[in-house]
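FYI, it's all coordinate maths here, none of it is from the lab. Here the structure is a predicted model, which is why all the values come from computation and not from measurement. With ideal geometry, Cβ positions are generated from the backbone for all residues, glycine too; neighbour counts draw on all protein chains shown.
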Amino acid sequence: MRPFQVYVAKDSEHAVSLLCEHAPRAVILAGGTDLLVDLKHGSKPWDVIVDISRAEDLNAITLTGEGLAIGARVTHTDIMRSPVIRESAPALIDAAHSIGAVQTRNLGTIGGNLMTCVPSMDSGPALLALDAGVTIRGPEGLRRLPLAELFVGPRKTSLAPTEILVDIVIPKHNLGKPLVFLKFGLRKGQALALVNVAAGCRLNGGKVWEPTIALGAVAPTVIRAQAAEAYLAGRAPSEQNLSETGRIAAQEAKPISDFRASADYRRDLIAVLVARALRQACAGTEIEQAEMIA
Amino acid sequence: MTDIAITVNGELRKASVPSETTLLQLLRDNFQLTGAKLGCDVGDCGACTVIVDGAAVNACLMLAVQAEGRDIITIEGLANRQVFHPLQQAFEESGALQCGFCGPGVILSAKALLDENPDPDVYEIRDALAGNLCRCTGYTKMIEAVQNAARILRGEPEISSRMISR
Ligand SMILES: Cc1cc2nc3c(=O)[nH]c(=O)nc-3n(C[C@H](O)[C@H](O)[C@H](O)COP(=O)(O)OP(=O)(O)OC[C@H]3O[C@@H](n4cnc5c(N)ncnc54)[C@H](O)[C@@H]3O)c2cc1C
Ligand code: FES
Ligand code: FES
């Protein structure tokens, strides 16, 4: 690696002041599982690394009045072990578990996953399907953004070079919402998604209510399949309707062909995975309702 | 240059290294602990696996400065001249390794697992070893060896009678 200076930030404010002092040649380091690869093989001439892996205010998982706040440097392993997340947003645990392997999950953070912003990121779909927001700290203080507005394109977010991601907040009304994350890769471990999907809904009087469908690895960023969501809302969760929803989602995605899979294959995967995730989510909802009655 | 002090295998070690030094380089080049291997250098193969504060990590993806003040276990910390660690004993007994290049990483991943979960099922063992690529063995005997080591560590009878401590 070419030489650089490392500063250890004690908290997010300290990190921002270090970024301001050294922008634009400074970059944040969290778990390093993406950045170290980039420092070894990428072309960006970073001179200053701001290490947030010890920042005191970025590693909590907390229930607040607003919802569930997950600190940016919470690792994938932390997520898998969090009782609060298991209780309120278990799809995030499946997503975290699907990432790389143990070593990567022990270092890699949820914030780093979102900020690297590759279309196949596994943390993206479930959070997007739950309408998560992100808190950002810059020189002027804190601001809040819908997660969808963080994503700009492959490896590009809307953050300024002097801003950092502080936490990700899942709104209260979506905690406990039935949501299923499915990832299709070429192997179970150490494989990026060919397609990943998070889909969920509630059932009300036998009709689908508030369906949300998010897709990864099939467009320049993680996206919501809005046409498919609109189609399913208010319909019965019949096999035919769920298949049709999957078909519509496959149509509105824009997958590419690459060495891992062709665009056509990815479209087929979307249709199957969306229907499968919705079927599982609906089953979960029915069980919950049955339990409530009993 | 950055001054670094870390605990390696129970011993406080210090070095002054350039900021861009990885934990793997620090262990191998400064401390001559060459058990952790340099394989892919990008987090894929797990040959560089060490245990940092109880968690298995790829030492090629961690800067030495990020390990400052932390507690590191490398393969050199497991055996001494008299006795093998039960994992090493079980790996030897099962013939779980061939060329052995992946071995230190595999054994440390298994140790991190058993330290937390003394009685893992096969699925949990496979999950724990998924980040350790082995080009020789096919993993079957490794999984058996981890199960055997777990039995030894739990104080239960071993499956194979040939297993002897040195
Ligand atoms: C072997 C291997 C397998 C992998 N498998 C998968 C996989 O299956 N699925 C998947 O989605 N990913 C995978 N990844 C990618 C990676 O592990 C994840 O994206 C991880 O979550 C990145 O987090 P990090 O903390 O390591 O980020 P870092 O490498 O520390 O940082 C990544 C980027 O985000 C920026 N950043 C980090 N935190 C912040 C913050 N708080 N504010 C602003 N910017 C920030 C950094 O500046 C950098 O540009 C894999 C990586 C490896 C090495
Ligand atoms: S050398 Fe570190 S994972 Fe391959
Ligand atoms: S024994 Fe040769 S790589 Fe595993």
Among A:VAL272, A:MET1, B:ILE6, which residue has its Cα positioned farthest towards the positive end of the charge dipole of the protein assembly as shown, with +1 placed on the Cβ of Lys and Arg, -1 on the Cβ of Asp and Glu, and the dipole taken about the Cα centre?
-> A:VAL272
For the stretch B:18-166, what is one quarter of the convex hull surface built on the Cα atoms, given in nm²?
-> 8.8
Using the structure shown, select from A:LYS156/A:LYS254; A:LYS188/B:LYS141; A:LYS188/A:LYS254; A:LYS10/B:LYS111; A:LYS10/A:LYS156 the pairs with a Cα to Cα distance greater than 22 angstrom.
-> A:LYS188/A:LYS254; A:LYS10/B:LYS111; A:LYS10/A:LYS156
When chain B is treated as a Gaussian network with springs between alpha carbons less than 10 Å apart, the largest mean-square fluctuation among B:VAL50, B:VAL106, B:VAL122 is found at B:VAL122
Would you mind getting me the FRET efficiency between A:ARG2 and B:CYS136? Use the beta-carbon distance for r and R0 = 45 Å, nearest 0.05.
-> 0.80
Among A:SER257, A:GLY32, B:LEU38, the residue whose Cα sits farthest towards the positive end of the charge dipole of the protein assembly as shown (+1 at Cβ of Lys and Arg, -1 at Cβ of Asp and Glu, taken about the Cα centre) is A:SER257
Assuming 1.306 mPa s and 10 °C, estimate D for the stretch B:70-144 with Stokes-Einstein, Rh taken as the Kirkwood radius over Cα pairs, in µm²/s.
-> 124
Counting only residues 5 or more apart in sequence or on a different chain, those whose built amide H sits under 5 Å from that of B:LEU63 are B:LEU23
Using alpha carbon centers only, the stretch A:40-85 is separated from the stretch A:127-203 by a whole-angstrom value of 13
Three semi-axes of the equivalent ellipsoid, the stretch A:179-289, Cα gyration tensor, whole Å, largest first = 25, 14, 10
Amide H to amide H under 5 Å from B:LEU33: which residues, 5+ apart in sequence or cross-chain, H placed 1.01 Å off N in plane?
-> B:ARG28
Mean Cα-pair separation over length for chain B, i.e. relative contact order, pairs under 8 Å, 6 or more apart, % | 23
Of the candidates A:PRO139, A:HIS41, A:CYS20, the farthest towards the positive dipole end of chain A (Lys/Arg Cβ +1, Asp/Glu Cβ -1, centred on the Cα centre) is A:HIS41
Using a ≥ b ≥ c from the Cα gyration tensor of the stretch A:61-174 (square roots of the eigenvalues), is it rounded, prolate or oblate, where a/c under 1.5 gives rounded and otherwise the larger of a/b and b/c decides, a/b for prolate?
-> oblate
Based on the mean of other beta carbon atoms within 10 Å per residue, what is the order of B:58-66, B:108-116, A:13-21, B:6-14, most packed first?
-> B:58-66, B:108-116, A:13-21, B:6-14
Between the alpha carbon centres of the stretch B:104-138 and the stretch A:247-279 the gap in Å comes to 33
P(r) tail for chain A, what percent of Cα pairs lie past 34 Å?
-> 21
Under a Gaussian network model of chain B whose springs join Cα atoms within less than 10 Å, the largest fluctuation of B:VAL57, B:VAL17, B:VAL83 belongs to B:VAL83
Let me see the pair-distance distribution of the stretch B:2-75: every alpha carbon pair, 10 Å bin width, integer percents in order.
-> 23, 61, 16
Cβ-Cβ FRET estimate between B:ASN30 and A:ASP47, R0 fixed at 30 Å, reported to 0.05 | 0.80
Under the helix-only model (-39500 (n - 2.57) for each DSSP H run of 4 or more, divided by the residues of the protein assembly as shown), the mean residue ellipticity at 222 nm, to 500 deg cm²/dmol, is -10000 deg cm²/dmol
DSSP beta bridges in the protein assembly as shown [antiparallel fraction, %, rounded to 5] | 85
Average the reciprocal distances over every distinct pair of alpha-carbons in the stretch A:5-51, invert the result, and give the Kirkwood radius in Å.
-> 10.8
Please check which bits of the stretch A:51-92 a label hung off B:ARG70 would reach, taking the label as a point 7 Å along Cα-to-C-beta and the cut-off as backbone N under 14 Å.
-> A:51-55, A:74-78
Any idea what the dipole of the stretch A:1-127 comes to, in debye rounded to 20, about its Cα centre with Lys/Arg Cβ at +1 and Asp/Glu Cβ at -1?
-> 380
Per-bin percent of Cα-Cα distances, the stretch A:1-150 [5 Å] = 2, 9, 18, 23, 21, 16, 8, 3, 1, 0
What FRET efficiency do you get for B:ASN9 and A:ASP11 if R0 is 35 Å and r is their Cβ-Cβ distance, rounded to the nearest 0.05?
-> 0.65
Among B:THR74, B:THR22, B:THR137, whose mean-square fluctuation peaks in a Gaussian network model of chain B (Cα, cutoff 10 Å)?
-> B:THR137
Straight-line reach check, A:LYS177, cutoff 20 Å on alpha carbons, 8 or more apart in-chain or any other chain, hits among lysines -> A:LYS207
Hey, can you grab everything whose amide H is under 5 Å from the amide H of A:GLY108? Only 5+ residues off in sequence or another chain; H modelled, so Pro and N-termini drop out.
-> A:HIS76
